[in-house]
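Undergrad: Just passing along the structure, written as structure tokens.
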Amino acid sequence: MSEAQDADFLLGSRGVSRDLGAWVVGVAWERGGGGACGFGLGDGTVRVARPAATAEDWASAAAHGGGACLSLCADARGGFLSGGDDGRLVRVTAEAGVDEIARPARSRWVEHVAAHESGLRAAAVGKALHLYDANGAALKVLAHPSSVGGVAFDAKGKRVAASHYNGASLWFVGSKEDKPRVLEWKGSHAGIAVSPDGTHVVTAMQENALHGWRLADGQHMRMSGYPGKTRSLSFTARGRWLATSGADSVVIWPFHGGGPMGKAPTELAGGDGVFCTAVACHPQHEVVAAGFGDGLVLLAEIASGKVIPVAPPGHGGVSALAWNAAGSHLAFGTETGFAGVVDLSRR
Amino acid sequence: MPESTPIPVTVLTGYLGAGKTTLLNRILSENHGKKFAVVINEFGELGVDNDLVVDADEEVFEMNNGCICCTVRGDLIRIIGGLMKRKGDLDGIIIETTGLADPAPVAQTFFVDEDVKARTRLDAIVTVVDAKNLPARLADSREAEEQIAFADIVLLNKMDLVSPEEAAEVERRIRAINPQVEIRRSTKSDVPIDAVIGRDAFNLARILEREPEFLSGDDDHEHDGEIQSLSFEAARPIDPEKFNAWISGLLAQKGQDLLRTKGILHYSGEDRRFAFQAVHMMADGDFVGSWREGDPRRSKIVFIGRDLNRPQLRRGFESCQVEDGAAA
């Protein structure tokens, strides 16, 4: 790619990037004021980019020695939470220190992690969802009928949702009696998202479709027609829209004015035949960041459909994408290990 | 960065006590300089140091498409997804199934999931069989018969325990279920690793390169169990549209009873052979190399399954031929 073309992308003028040499499994910005960004990699390390650091200065933490990071999120109170195929749940600090929180089961993978600012942490190992408090003390183990495919807390941290075969389970974290509300729908459910107002749960299915439940009355929502598997789901800040991957455009479902039932989704930034592989909605505005199978990263404004290119194609399919809480910085990573951080703040 | 080549996956099946774990230990302890990931079920007993061992629960789920035979192994989709993200190339993945497992969901996983399909290929289904006890197993277990029906390679193990006559009879029983299967005899699962790994035996195109006569041969095996094998030939070229209509209808209606279907087809006006295969209802097909100079261009199809109606299948296949006298 020539320099002239590179200049059309914000990564060239406002970003730093680096080849990290291994699949970027997850990316997250730490909570609180620290402003560090963590990349969980397929070589078992977590790389930490601190604000104003050049890409060469990103620190490396050996989170899962010899294995792979399988899931990464911002930890409850700063730093990052990482689950690996070495069976460990670890916390990685912004200084790239590693503390083991738990090793829930021997020779089992910690496949999904989630955390809430209240201090709660969740780690899925096979059929079990392990919950820990802010100090790492085990709170409870929630059992599911089959392996957990995805985990999400609701915005308040009161409930945790886990997807599995034939539906999802919604648990009250503080409840004395652990009995979930089971949301049933046949098939295998992987990724899961809870709407910001806590009224809807949506899962990504094996069958190139999403399934949703309106919790007030249990109304089912079938969102189908994707040419590929949907992996990535992201609600806009106030929950008016749900952005999804799995088509050659960014498919956005309306969750307002009666919900998505019977309505067609909005499609943005489509047309070049490459599948969208990752989405992340801006934390305040109705703007979605999207990554594609060829490495292209862009921003799209939902109302206008206006598109701003962020990173050019050519560095492998985008596998991870995250905004910081202020919405001023966007980080992304790809299957082939390319990673970038872009400063989108007003200058 | 170039697209990586698909990682070969070997599926190891076999009834309890047939010698599956011995074979696995043998493969892994042999000094082959390769790196394998081994997916074992939680009841397995395995001591391996160098290779990557993953515990799995055999989690089979039904696809939400209204078809009860469209079952896949969800745990494999997740595990293969995880393995693909690891740094460092794997030379192969070996999946051990429990003794009572139906191999279909494992095989179907490789047809259904787009990520699994893009990054791996099914190398072979290897079934380990106890030469002494097979007749008893075939009499009392549906799974034992299915494991042979699905196999690309059968390892006829515990040969030290049977007479030559018994061995011949066991082979006859195996061929009656699956005439095309490659049979390797062994004692204590002592076969070289390349006899079972890296065979590319699930891939019809590769089998044809190795054995051009694959799928031909006689069809007169008696069948003593529930599962039988039927093969048919067609002399005139096949009309692709007619074939697609017929086979999709057949698989939709009869897919549950059809364990495996394999065909080599001479499509009208096409110089390349078309290789077709299906596991229950899930089908796949592609053009493979040209017909060999001088060889008759005859289409063949083999069905392995239960309750097969020979005249009906024959008529169906024959009706897919282009009209007599039409241009080939």
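Undergrad: Which pairs, out of A:K229/B:K87; A:K186/B:K300; A:K186/A:K306; A:K186/B:K35; B:K20/B:K300; B:K35/B:K188, put more than 29 Å between their alpha-carbon atoms?
TA: A:K186/B:K300; A:K186/A:K306; A:K186/B:K35; B:K20/B:K300
Undergrad: Go from 0 up to the bin containing the longest alpha carbon distance in the protein assembly as shown, width 20 Å each, and give me the % of pairs per bin.
TA: Result returned by the calculation: 18, 46, 30, 6, 0.
Undergrad: Enumerate the whole-percent occupancy of each 10 Å bin, from 0 to the last occupied one, for all C-alpha pair distances of segment A:180-235.
TA: Final binned percentages: 24, 59, 17, 0.
Undergrad: Here is a further query. Per 10 Å bin, what is the whole-percent P(r) computed from every C-alpha pair distance within segment B:221-318?
TA: 15, 50, 28, 7, 0
Undergrad: Related question: Restricting to Cα pairs below 8 Å that are 6+ residues apart, what does the relative contact order work out to for segment B:104-197? Please round to a whole percent.
TA: 29 percent
Undergrad: Whole-Å semi-axes of chain A's equivalent ellipsoid, largest first, each the root of 5 times a Cα gyration tensor eigenvalue?
TA: Those come to 29, 26, 17 Å.
Undergrad: If I build a Gaussian network model for chain A, linking alpha-carbon pairs within less than 10 angstrom, which residue out of A:V27, A:V110, A:V274 has the largest mean-square fluctuation?
TA: Ranking A:V27, A:V110, A:V274 by mean-square fluctuation puts A:V274 first.
Undergrad: Could I ask something else about it? Within segment A:167-248, which GluC sites (Glu not before Pro) sit in a loop by DSSP and count at most 11 neighbouring Cβ atoms inside 10 Å?
TA: For GluC sites (Glu not before Pro) across segment A:167-248 that sit outside H, G, I, E and B with at most 11 neighbouring Cβ atoms in 10 Å, the list reads A:E177.
Undergrad: Roughly to the nearest percent, how much of the accessible area of the protein assembly as shown is carbon and sulfur, given a 1.4 Å probe?
TA: 47 percent
Undergrad: For chain A, what is the accessible area per residue in Å², given a 1.4 Å probe and the full set of protein chains?
TA: It amounts to 38 Å² per residue over chain A.
Undergrad: Determine the sum of side-chain charges near B:H266: Lys and Arg each +1, Asp and Glu each -1, restricted to other residues whose C-beta is under 10 angstrom from that of B:H266.
TA: Neighbourhood net charge equals +4.
Undergrad: Give me the aspartates and glutamates in straight-line cross-link reach of B:K132: C-alpha distance below 14 Å, same-chain residues under 8 apart excluded.
TA: Excluding near neighbours in sequence, the set is B:D160, B:E165, B:E166, B:E169, B:E171.
Undergrad: In segment B:151-196, what trypsin sites (Lys or Arg not before Pro) fall in a loop by DSSP, with at most 14 other Cβ atoms inside 10 Å?
TA: B:K188
Undergrad: Need the per-residue list for segment A:180-207: every residue with at least 50 Å² less accessible surface in the complex of protein chains than in the chain by itself, probe 1.4 Å, sorted by number.
TA: SASA drop of 50 Å² or more in segment A:180-207: A:K186, A:Q206, A:E207.
Undergrad: Solvent-accessible area per residue for chain B at a 1.4 Å probe radius, Å²?
TA: With the other protein chains kept in place, chain B gives 43 Å² per residue.
Undergrad: Ok, one more. Quick one: which bits of segment A:135-167 get at least 50 Å² less accessible when the partner protein chains are in, versus the chain alone, with a 1.4 Å probe?
TA: A:Y165
Undergrad: When the Kirkwood radius is taken over all Cα pairs of segment B:156-202, what Stokes-Einstein diffusion coefficient follows at 10 °C and 1.306 mPa s, in µm²/s?
TA: Translational diffusion coefficient: 135 µm²/s.
Undergrad: Hand me the trypsin sites (Lys or Arg not before Pro) from segment A:39-144 located in a DSSP loop with no more than 11 other Cβ atoms within 10 Å, in residue order please.
TA: Here the trypsin sites (Lys or Arg not before Pro) that fit, given the DSSP loop and packing criteria, are A:R106.
Undergrad: So for chain B, Kirkwood radius off the Cα pairs, Stokes-Einstein at 10 °C and 1.306 mPa s: how many µm² s⁻¹?
TA: 77 µm²/s
Undergrad: Can you compute the radius of gyration and Dmax for segment B:7-202, using only the Cα atoms, both in Å?
TA: Spelled out, the Cα radius of gyration and Dmax of segment B:7-202 are 16.3, 51 Å.
Undergrad: Hey, in the GNM for chain A with a 10 angstrom Cα cutoff, which one of A:V48, A:V173, A:V310 fluctuates hardest?
TA: Maximum among the listed residues: A:V173.
Undergrad: Okay, next question. Counting only helical runs of four or more DSSP H residues, what would the 222 nm mean residue ellipticity of the protein assembly as shown come to if each run contributes -39,500 (n - 2.57) and the total is spread over all its residues?
TA: It comes out at -4500 deg cm²/dmol, rounded to the nearest 500.
Undergrad: Here is a follow-up. Taking chain A as a Gaussian network, where each spring joins two C-alpha atoms under 10 Å apart, which residue of A:K158, A:K306, A:K176 fluctuates the most?
TA: A:K176
Undergrad: Right, here's the next one. What's the buried accessible area, both sides, between A and B using a 1.4 Å probe, rounded to 100 Å²?
TA: Summed over both sides, the interface buries about 2600 Å².
Undergrad: Moving on to the next point. To the nearest whole number, what is the average tally of beta carbon atoms from other chains within 10 Å of the beta carbons of peptide B:83-90?
TA: 6
Undergrad: Then there's this: Can you tell me the convex hull volume per residue for segment B:91-182, based on C-alpha atoms, in Å³ to the nearest whole number?
TA: 107 Å³
Undergrad: Same structure again: Do any cysteines of the protein assembly as shown lack a neighbour Cys whose Cβ is under 4.7 Å away, and which are they?
TA: Taking the Cβ cut-off of 4.7 Å, the unpaired cysteines of the protein assembly as shown are A:C37, A:C69, A:C73, A:C276, A:C281, B:C69, B:C320.
Undergrad: Further question on the same structure: Sort out the exposed loop GluC sites (Glu not before Pro) in chain B (DSSP loop, at most 14 other Cβ within 10 Å) and tell me the longest stretch that has none.
TA: The answer is B:46-212.
The values are calculated or read from the model by the stated rules, or taken from the named source; none is laboratory data. These numbers come from a predicted model, not from an experiment. Note that we place each Cβ from the backbone using ideal geometry, even for glycine, and neighbour counts take in every protein chain shown. Just so you know, the surface numbers come from the protein's heavy atoms only, side chains and all, with ligands and any DNA or RNA stripped out. Shrake-Rupley method; radii C 1.70, N 1.55, O 1.52, S 1.80 Å.
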